[in-house]
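Notes to accompany the following structure.
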Amino acid sequence: MNGLKKILGFVWIAVALIVGYFGITVLGIPKITSGKQEDLVFGIIILFVLMPIISGGLGIFGYYSLTGEYSDDKK
Amino acid sequence: MSEKHYESYENMTEKQKNRTIWSVITASSLGTLIEWYDFYIFGSLAVVLATKFFPADNPTAAFLSTLATFAAGFVVRPFGALFFGRLGDIIGRKYTFLVTLLIMGFSTFLIGCIPSYETIGFMAPVLVLILRLLQGLALGGEYGGAATYVAEYAQPNRRGYWTSWIQTTATAGLFISLIVILVTKTSLSAEEFDGWGWRIPFWISILMVGVSYIIRKNMKESPLFAKAKSEGKTSKNPLKESFGNKFNFKFVLLALFGAAMGQGVIWYTGQFYAMSFLQKVMNVESAQVDSLMATALFLGTPFFVFFGWLSDKIGRKAVMMTGMLVAILAYRPIYDSMFKSVNFETKTVAANGITEKRTVKVHDKIATDSLITFHKETLYSDGTLAKKDSIVHWSATGPVMKDGKAEEPKVSQSVKLNDDTKWYLVLMVFIQVIFVTMVYGPIAAFLVEMFPVRIRYTSMSLPYHIGNGVFGGLLPAVATYLVTTGKEAGHTAWYLEGLWYPIGVATVCLVIGIFYLKSKNNNIHE
């Protein structure tokens, strides 16, 4: 199980990168550049609040998993 | 004093403990229910509030409206969780959630007192925005306090059952807000409601908060926190201990990605996306949507308590992960079946079932400018009634032109369901509410059990509010984007595309939950 958690760490880091990429290019930047004021607010929230939480948080989770922080002997 | 309180509680008989915990649950649940009521009132009356405070033709007011909508959920709720969580771990649970209750109550009451944009201009939307942000802040601090307070009173083998009463409050708050608005609307004329009646649901809040405040004020501090405080074991800096310490922070991340984010999207799908899907994708009449949602919520609410109780018997993880798994597998078949239940291609038009009318509304000042409405009603043999209004803008010389072409008519459609279809849809929404109760019923006990008493309020509040406020709150925007993109791309099942968001998030959460969470419920007495 501990070995599997370490392998999954790579998966979560990859998912974090993919989510970050699509969050920025598909949701964030198009919203900011759409010219509509309500989109601007939403775009700023996506880029500067949501992406750091979602992508950054999942990335750190993946890193911890990879380095064995969630191993049974560390709980 | 605090040590005495802990000892006297520990020395109580089982019967005395049960009596105490019922008063604890009443005090906590009532306050939390009112906070959810206050939060939803704003959303449920958003259309009226927009006309009073945020005129659409004014860009600055529209900007403030967007801030009020997004910032309260995405930014301020998690911030409230940090701010009040810290206070709760330093000062105590009881005083902190008394403060959040008062902030929420007064903010809501004051929103109902603000003069309209027409009367005081920009001050109106600015004041509404400030009060809405205060609502989000208070909500962020409330839930963690109530859940922790009840859990720290509960016997270990019944913690899931007792805390599940807190879990019913979010759904009950939504239900009560719908009922209060419905009663106010039906008691007044449309003009009266639009003129001043919309303020009543906001004013009612202060009465409920007053009662709840008195009940909560007379409660004692949680025995576990009181003991920790008397022994000097409370944290001096809960934020640093929760998020600056790797050992605790990894559990905050695990709580978020292994439980709260999946729970958040399933909660929003079952209670809000289902409603939006019925209204916007299936075009079901708004009154029917309200009544069928209220019925499904009412029938489903007792299951929060059932699954909380079950989590004491077989473990929180087993109940929550099963809920997530069945939701992931069932969402597409459920929504496909809902959509096809109103499929006109399989229905037969009743004899003399088509009615068509044409009405003309002439502009007051420009007699040659008019709006022509083509109204068509189709009655089907099973009793379903489809209505379609096409509004065409007409000038003296013919249709109004835009970019060299006749202006597109504005089309609105609505469907009045027959009784069989209505009850079928109640069942479909009810099943989704059951998924909600499976993942949400045990989560308060689960989160409380993940963290030690000294940083519990802070550590459990943040993942909960990010899971619900951020991952759940993003659902409408992302799902709408996916549905629109799917429709434009010509996908045959475009109406199911929005479900990829909750399915994807819940799947990641399920995998993390299965492999990383412990199966056995934790002890919280450290």
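All of the numbers you see were taken from the coordinates with simple rules; none came from a lab. In this text the structure is predicted, and so the values were computed from the model without any measurement. Don't worry about glycine lacking a Cβ; one is built from the backbone with ideal geometry, like all the others, and counts go over all protein chains shown.
How well do other chains shield peptide B:471-477, expressed as the mean number of their Cβ atoms within 10 Å of each residue Cβ?
Across B:471-477, the average partner-chain Cβ count within 10 Å equals 2.
Provide the per-residue ³J(HN,Hα) series for segment B:16-32, in order, calculated from phi with Karplus coefficients 6.51, -1.76, 1.60 and θ = phi - 60°, each as a whole number of Hz, with x at glycine and proline positions.
Running phi through 6.51 cos²θ - 1.76 cosθ + 1.60 with θ = phi - 60° gives 5, 5, 4, 5, 4, 5, 5, 5, 5, 5, 4, 4, 6, 5, 4, x, 5 Hz.
Rank these for me by crowding, B:ILE443, B:ILE455, going from fewest to most other beta carbons within 10 Å.
If I rank by nearby Cβ atoms, fewest first, I get B:ILE455, B:ILE443.
B:VAL48 label point, 7 Å along Cα→Cβ, cut-off 15 Å on backbone N: hits in segment B:162-189?
Backbone N within reach: B:177-189.
Which entries of B:LYS340/B:LYS487; A:LYS6/B:LYS250; B:LYS347/B:LYS387; B:LYS280/B:LYS376; B:LYS280/B:LYS405; B:LYS94/B:LYS313 show an alpha-carbon separation above 24 angstrom in the structure shown?
Distance filter (> 24 Å) returns B:LYS280/B:LYS405; B:LYS94/B:LYS313.
Please give the length that would be gained between B:THR507 and B:CYS113 if that part of the chain were fully extended, namely 0.36 nm times their separation in residues minus their C-alpha to C-alpha distance (nm, one decimal).
Length difference between fully extended and current span is 137.4 nm.
Among B:ARG93, B:ARG358, B:ARG456, rank each residue by its count of other Cβ atoms within 10 Å, from fewest to most, as a rough exposure measure.
Ascending Cβ contact count within 10 Å gives the list B:ARG358, B:ARG93, B:ARG456.
In nanometres, what is the gap between the two model label sites at B:PHE298 and B:ALA330, each 7 Å from Cα along Cα-to-Cβ?
2.2 nm
Rounded if a/c is under 1.5, else prolate if a/b is larger than b/c, else oblate: which is segment B:188-309, with a ≥ b ≥ c the root eigenvalues of its Cα gyration tensor?
Because a/c hits 1.5 or more and a/b fails to exceed b/c, segment B:188-309 counts as oblate.
Calculate, for B:ASN352 and B:GLU191, the FRET efficiency according to 1/(1 + (r/R0)^6) with r their C-beta to C-beta distance and R0 51 Å; round to the nearest 0.05.
Efficiency, rounded to the nearest 0.05: 0.90.
What net charge is computed for the residues neighbouring B:THR100, neighbours being all others with C-beta under 10 Å from the C-beta of B:THR100, Lys and Arg scored +1, Asp and Glu -1?
Combined, the nearby Lys, Arg, Asp and Glu give -2.
Which of rounded, prolate, oblate describes the protein assembly as shown, given a ≥ b ≥ c as roots of the alpha-carbon gyration tensor eigenvalues and a/c under 1.5 marking rounded, otherwise prolate only if a/b is larger than b/c?
Prolate, since a/c reaches 1.5 and a/b exceeds b/c.
Grab the beta carbon distance between B:ASN18 and B:ASP420, set R0 = 45 Å, and tell me the FRET efficiency rounded to 0.05.
0.50
Which of rounded, prolate or oblate describes chain B when judged by the alpha-carbon gyration tensor and an a/c cut-off of 1.5?
prolate
Multiply the residue separation of B:VAL411 and B:PHE247 by 0.36 nm, subtract the distance between their alpha-carbon atoms, and state the gained length in nm to one decimal.
Computed gain between B:VAL411 and B:PHE247 is 53.3 nm.
Taking the beta-carbon count within 10 Å as an exposure proxy, list B:TYR457, B:TYR213, B:TYR516 from fewest neighbours to most.
B:TYR213, B:TYR516, B:TYR457
For B:LYS361, list the lysines whose Cα falls under 16 Å from its own Cα; do not include residues on the same chain fewer than 8 positions away.
Of all the lysines, those that pass the test against B:LYS361 - Cα under 16 Å, at least 8 places apart if same chain - are B:LYS410.
Nearest 10 degrees, 0 to 90: what angle lies between the long axis of helix B:286-300 and the longest principal axis of chain B (Cα atoms)?
Around 20 degrees separate the two axes.
Specify the angular offset, from 0 to 90 degrees and rounded to the nearest 10, of the alpha carbon long axis of helix B:500-516 from the longest principal axis of the alpha carbons in chain B.
That helix lies at roughly 20 degrees to the long axis.
Rounding to the nearest 10 and keeping the result within 0 to 90°, find how far the Cα-based axis of helix B:77-90 lies from the longest principal axis of chain B.
20 degrees
Would you mind working out the magnitude of the charge dipole of segment B:1-234 relative to its Cα centre, with +1 at each Lys and Arg C-beta and -1 at each Asp and Glu C-beta, to the nearest 20 Debye?
With Lys and Arg at +1 and Asp and Glu at -1, about 780 debye.
Rounded to the nearest 20 debye, what is the charge dipole size of chain A about its Cα centre when +1 sits on each Lys and Arg Cβ and -1 on each Asp and Glu Cβ?
It comes to approximately 80 debye.
Once R0 is set to 22 Å, what does the formula 1/(1 + (r/R0)^6) return for the Cβ-Cβ distance between B:GLU488 and B:SER286, expressed as a FRET efficiency to the nearest 0.05?
Working from the Cβ atoms, E equals 0.25.
Any idea what the dipole of segment B:224-358 comes to, in debye rounded to 20, about its Cα centre with Lys/Arg Cβ at +1 and Asp/Glu Cβ at -1?
Roughly 700 debye, rounded to the nearest 20.
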